[in-house]
Amino acid sequence: MTTNPSPTITAQPMRATATGAALVGLLLGLCTFPVAADAAERYQQLALDTARSHVDFEVKVLWLVGVHGRFGNVHGMITLDHFRNAATVEAQIDAGVVTMRNRSHEEWVKSEEFFDAEHYPQITFVSDAIPLQRLQMGGDIDGMLTLRGVSRRVRFELAKPDCPATSGDDCPLEAEGSIHRSDFGMSSRRGTLSDKVELSFSIATRPMADGARR
């Protein structure tokens, strides 16, 4: 499917969550690297830890009852630019690996009516450059979300971590917000199902197998 560029979708901040995953501590520890690092050591890559990362979603039925699901297979990488003191996130989510309370709901959200996992098995998010200091303070994360073959500019809210940067196992990277499903071709059941879909990312990392740094 080919789409035309569209304006940024501003996600509404949601309540911050805390889960036992790792990322912010590791990245904040890496902030101590000299900004004027050698060119050969400018970039460092961290793999997203699939076992400890997840993306939650919630949509309301009749605008009252929330139907919640979780994508459990999240992979990708974070690239640290020590020269520019910034990070970028590239995340891929398997649309067909979803857990909900009801098995019939799982099949429904994977169907053509909703995420259409058969034809669009991957949901992707690629962030703009994120200042490393924002990982300490929280704030906006802008980037491109591709869902059902439709790419839109989106904005999520990065939660301020509530733990010190002592190790890579202290804090996850928590980002939350919302999108409108109709912007991504999901326009059915408008009378009973909310157009707004709440999203919550909890991302952990691990070192790349080869310790990639260049």
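The values are calculated or read from the model by the stated rules, or taken from the named source; none is laboratory data. Because the structure is predicted, anything quoted here is derived from the model rather than measured. Cβ placement follows ideal geometry from the backbone for every residue including glycine, while neighbour counts extend to all protein chains displayed.
Worth a mention:
- Sole residue being assigned to a loop (DSSP other than H, G, I, E, B), out of contact with any helix residue (DSSP H, G or I) (no Cβ under 6 Å at 6 or more places or on another chain) and either without any contact (Cβ under 8 Å) to a residue 40 or more places away in the chain or closer than 30 Å to Glu41 by Cβ (or both), chosen from Glu106, Glu112: Glu112
- Test: residue in region 124-137 that is of a type in the set (Gly, Ala, Ser) and closer than 17 Å to Phe57 by Cβ: no
- Unique match (being modelled with pLDDT under 50, over 22 Å from Phe201 (Cα atoms) and among the aliphatic types (A, V, I, L, M)) among Ala36, Ala16, Ala21: Ala36
- Top-ranked residue in region 115-126 [being buried (at least 19 other Cβ atoms within 10 Å of the Cβ) and part of a strand (DSSP E or B); ranked as farthest from the chain's Cα centre (by Cα)]: Ile123
- Given (1) surrounded by fewer than 18 Cβ atoms within 10 Å (Cβ to Cβ); (2) in contact (Cβ under 8 Å) with a residue 60 or more places away in the chain, number of the condition Arg181 does not satisfy: (1)
- Against the conditions (1) at pLDDT 90 or above; (2) of a type outside the set (D, E, K, R); (3) surrounded by 17 or more Cβ atoms within 10 Å (Cβ to Cβ), Leu30 satisfies every one except (1).
- Filter result for Leu132 (under 19 Å from the mean Cα position of the chain (by Cα) and modelled with pLDDT under 95): yes
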